[in-house]
Amino acid sequence: MTAAKTKLLCTLGPASATPKMVRGLVEAGATIFRLNFSHGTPEDHERALRIVREAEDDLGISLAVLADMPGPKVRLGSMEPDPFKFQPGQRFLLRAGGPGNERGTSTSYPGLASDLSAGDRVLLADGAVELTVASIDGDTVVTECVRGGTVRSRQGVNVPAERLGLPAVTDRDRECLRVALDLGVDLVAQSFVREPRDIADLRLLMGDRVVPIVAKIETNPAVANIEAILEVCDAVMVARGDLGVELPMEEIPLIQKDLIRAARAAGRPVVVATQMLESMIKAPRPTRAEATDVANAVLDGADAIMLSGETAIGEYPFEAAQAATRIAGSIESRGADYRAAQPPCRHQGDAAAVAHAAASIGIEDAGVVAIACYTETGRTARLLSAERPGVPIYSFLPDAGVRRANALLWGVTSLPAEPPHDTDEMIELMDRGLQERRLAAPGDAVVMVAASPAGRTTTNMLKVHTVGSPVR
């Protein structure tokens, strides 16, 4: 089976942050690795990133590292015992400070009491426990347990996002962003985005070290503002964990489809995340329902699917990655009749029109084996990926950081290249690069897309090229 065009994003953690495991995950299909800055130390993240960079050098594959910011998430303080089991009817205090015990615990947000009222619902640990607010006593929230369950120290406290008074970019986000940029990450995921201004605020903090921002859609305000958010972010993630806590669970499947459709129409890459293969944290094979969930994300048109606990703390990280890519590859090759329709063609500008024409040739001409593009900003590759051609896209890019960030793009393989002096040299470098890597053979037809003359900012060249034929 050929490699899946849908990309795989794997979270690194205790189960996977070793050279052997990272290499195995890459061989299983991973092209992006997530560092969860809600957990771990800067030293942990530095070590994980170094392992990815070493695997990249050893394997000759562009690999992206995504830093996932904590965001304005409220977390429990310490619990004793840990884990702690809640019983229905139990009274429990959420305080600004103090120890954690059977009577209550502190939270990471001292102002929580000012944002809640009697009757509000509070969920712990992604919905494992449901509390209702009985009363507010100063800076203490007095709750009663409605649905019992088990939670651990520092797990999440969910309240309606529109009620939360925390800023979109917290002091901890600022520090984590500084660490991430110092490490040289390729992408930053912004948690609990609510409106476009949140993304603008984070980008402003980057200064002159700007990297693409992946907006995590996990709040009701973000769903309502998705069109405006898509205008300012670089990609989106359908983060179903907190989204599924904030909104009724029966609404999540259609919200996921709506979000993917909106992202596709806007030409933004979209990742589907959370509990894709959750059972594989403890089991070597996914459930049939999980296989169907991955398949539906692929059919809906996701650029990438993400594994979280499956590869961070699971007992079968390699098997989980392998299962995800096998499912995606099978669905791509056999599920054409079930795929979501391509968004209406908008073609704003010459570059988008050229990309559409190139993809159309790739779809309609059975003799074309690939699309190749030369780009310095990565934009041409993004435009081609958004068109979902039926053949592989090979993007020749001089900048290593752009190559890595483009690892998120559906169907795109980014390859190194030296800047050419003219158009003929640009065509020659793509021809030579395809042959040297055995991606195309002499006599094969390849659609080439680029800006001509070389170095122009607008993609304006389309050429159906016979590999191995003279250019000059």
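No value in this document is a laboratory result; all are computed from the given coordinates. Not measured: the values here are computed from a predicted model. Quick reminder, even Gly has a Cβ in these numbers, built from the backbone with ideal geometry, and neighbours come from all protein chains shown.
Key figures
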{"read-out": "Average projected area [Cα convex hull, the range 321-425], square nanometres", "value": "8.1"}
{"read-out": "FRET efficiency, 1/(1 + (r/R0)^6) with R0 41 Å, evaluated for R103 and R209 via beta carbons", "value": "0.35"}
{"read-out": "Qualifying GluC sites (Glu not before Pro) in the range 231-329, DSSP loop, other Cβ atoms within 10 Å at most 15", "value": "E315"}
{"read-out": "D242, D186 arranged by Cβ crowding within 10 Å, fewest neighbours leading", "value": "D242, D186"}
{"read-out": "Net charge dipole size for the chain [Lys, Arg +1 and Asp, Glu -1 on Cβ; Debye, nearest 20]", "value": "460"}
{"read-out": "Distance in nm between pseudo-label sites at E144 and V471 (7 Å out along the Cβ direction from Cα)", "value": "7.6"}
{"read-out": "Evaluated at q = 0.10, 0.12, 0.13 Å⁻¹: base-10 log I(q)/I(0), Debye formula over Cα of the chain", "value": "-0.75, -1.04, -1.21"}
{"read-out": "Test item: Cα-centred dipole of the range 350-466, Lys/Arg +1 and Asp/Glu -1 on Cβ, debye", "value": "440"}
{"read-out": "Between the range 214-279 and the range 411-472, the alpha-carbon center distance in angstrom", "value": "36"}
{"read-out": "Length released on extending from E27 to A340, taking residue separation times 0.36 nm less the Cα-Cα span", "value": "109.8 nm"}
{"read-out": "Sites matching trypsin sites (Lys or Arg not before Pro) across the range 183-249 that sit in DSSP coil, with at most 13 neighbouring C-beta atoms within 10 Å", "value": "R209"}
{"read-out": "Estimated FRET transfer efficiency when R0 is 41 angstrom, pair R91-R285 (beta carbons, to 0.05)", "value": "0.45"}
{"read-out": "Phi to ³J(HN,Hα) by Karplus 6.51 cos²θ - 1.76 cosθ + 1.60 over the range 398-405, Hz, x for Gly, Pro", "value": "x, 8, 5, x, 5, 4, 5, 4"}
{"read-out": "Average Cα contact separation per residue, the range 74-163, under 8 Å, 6 or more apart, as relative contact order %", "value": "37"}
{"read-out": "Over 22 Å [Cα-Cα, the range 1-103], rounded percent", "value": "49"}
{"read-out": "Nearest-0.05 FRET efficiency for E418 and R75, computed from C-beta distance (R0 51 Å)", "value": "0.60"}
{"read-out": "Average Cα contact separation per residue, the chain, under 8 Å, 6 or more apart, as relative contact order %", "value": "14"}
{"read-out": "Most positive-pole-ward Cα, V214, G127, Q155, against dipole of the chain from beta carbon charges", "value": "G127"}
{"read-out": "Value of relative contact order over the range 221-361, rounded to a whole percent, pairs C-alpha under 8 Å and six or more apart", "value": "21"}
{"read-out": "Unit charges at the beta carbon, dipole of the chain: most positive-side option, F84, V238, A400", "value": "F84"}
{"read-out": "Per residue, the convex hull volume that the Cα atoms of the range 74-163 enclose (Å³)", "value": "74"}
{"read-out": "DSSP beta bridges in the range 74-163 [antiparallel fraction, %, rounded to 5]", "value": "90"}
{"read-out": "Note, ³J(HN,Hα) from phi for the range 331-341, Karplus 6.51, -1.76, 1.60, rounded to Hz, x at Gly and Pro", "value": "5, 5, 7, 10, x, 4, 6, 10, 5, 4, 5"}
{"read-out": "Dipole moment magnitude, nearest 20 debye, the range 74-163 about Cα centre, only Lys, Arg, Asp, Glu C-beta charged", "value": "180"}
{"read-out": "Low-density loop positions, trypsin sites (Lys or Arg not before Pro), the range 36-135 - DSSP coil, at most 13 other Cβ in 10 Å", "value": "R103"}
{"read-out": "Proxy reagent accessibility, fewest Cβ within 10 Å first, across H421, H465", "value": "H421, H465"}
{"read-out": "Fewest-first ranking of M280, M249, M461, using other Cβ atoms within 10 Å as the exposure measure", "value": "M249, M461, M280"}
{"read-out": "Among G443, L462, I363 the positive-end extreme of the charge dipole of the range 350-466 (Cβ point charges)", "value": "I363"}
{"read-out": "Antiparallel content of DSSP bridges confined to the chain, in %, to 5", "value": "40"}
